[in-house]
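Peer 1: For reference, the structure I am asking about is given below.
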Amino acid sequence: MIEFGGENKECGQNAPWLVECKELIKEYPENDLLIKVEVGGGIVYEIEISDYIMHLTRNELYTSWDDYEVRKGRYFVIFEKSRLIDFYDNVVMHTVDYDWPGKGVHYGIYTEMLLIDVITTVPPIIRRVSDNEAR
């Protein structure tokens, strides 16, 4: 089973392919992301991120490694320190003690062509789904 912060050997040597990424709009202010990735051999995982605070999708061609950031994991990354967390602290309204909306955690999903960064206070749920359900 893949996990954020893990080695994720299920992916093999190549980054997973993004199958789908969509927002699930619920009652204000809660919004969810549903992300599906194929890790090889037709194996598809669904990642549900509830009540996210912010997210960003980047084309991998325009990104570079940043030694400033402290991350753990392969393809499904959790950050201890990142520029997006720094940005969050400057642009998202929150209380001084992070009582509201909470101290967000930065998760990264690195696919073959796109990088998806999410800040949320709720840990993502990852589940394996069949090919028929995913496409």
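The values are calculated or read from the model by the stated rules, or taken from the named source; none is laboratory data. Source: prediction; values computed, not measured. Please note: Cβ atoms are built from the backbone with ideal geometry, for glycine as well, and neighbour counts cover all protein chains shown.
Peer 1: So which residues in the range 29-56 are assigned to a loop (DSSP other than H, G, I, E, B) and either in contact with a Pro (Cβ under 7 Å, 6 or more places away or on another chain) or of a type in the set (D, E, K, R) (or both), if there are any at all?
Peer 2: Keep residues of the range 29-56 that are assigned to a loop (DSSP other than H, G, I, E, B), which gives 29-30, 41-42, 50-51.
Within the range 29-56, GLU30, ASP51 qualify.
Peer 1: Here's a follow-up. Where the second residue is among the acidic types (Asp, Glu) and assigned to a loop (DSSP other than H, G, I, E, B) and the first is within 20 Å of VAL129 (Cα to Cα) and lies in the range 4-32, which pairs have Cβ atoms under 8 Å and are six or more apart or on separate chains?
Peer 2: Note: pairs meeting the criteria are ASN14/GLU112; ALA15/GLU112; PRO16/GLU112; TRP17/GLU112; LEU18/GLU112; ASP32/ASP51.
Peer 1: Can you spot a residue in the range 83-103 that is closer than 20 Å to GLU3 by Cβ and either touching a residue at least 60 places away in the same chain (Cβ under 8 Å) or not aliphatic (A, V, I, L, M) (or both)?
Peer 2: no
Peer 1: Among the numbered criteria (1) in contact (Cβ under 8 Å) with a residue 60 or more places away in the chain; (2) over 12 Å from the mean Cα position of the chain (by Cα), which one does HIS55 miss?
Peer 2: (2)
Peer 1: Condition test on THR63, is it β-branched (Val, Ile, Thr) and touching a helix residue (DSSP H, G or I) at 6+ places or on another chain (Cβ under 9 Å)?
Peer 2: Criteria not met by THR63.
Peer 1: GLU27: surrounded by 10 or more Cβ atoms within 10 Å (Cβ to Cβ) and not aromatic (Phe, Trp, Tyr), yes or no? Break it down into steps so the answer makes sense when it comes.
Peer 2: Numbers: surrounded by 10 or more Cβ atoms within 10 Å (Cβ to Cβ): no; not aromatic (Phe, Trp, Tyr): yes.
Criteria not met by GLU27.
Peer 1: Checking ILE116 against (1) modelled with pLDDT under 95; (2) part of a strand (DSSP E or B), which single condition isn't satisfied?
Peer 2: Of (1) modelled with pLDDT under 95; (2) part of a strand (DSSP E or B), only one is false for ILE116: (1).
Peer 1: Taking the residues in the range 58-91 that are part of a loop (DSSP other than H, G, I, E, B) and surrounded by fewer than 18 Cβ atoms within 10 Å (Cβ to Cβ) as candidates, determine which candidate is nearest to the chain's Cα centre (by Cα).
Peer 2: ARG74
Peer 1: Can I ask one more? Regarding the range 12-28, can at least one residue be identified that is among the basic types (Lys, Arg) and either in a strand (DSSP E or B) or touching a His at 6+ places or on another chain (Cβ under 7 Å) (or both)?
Peer 2: The answer is yes; a qualifying residue exists.
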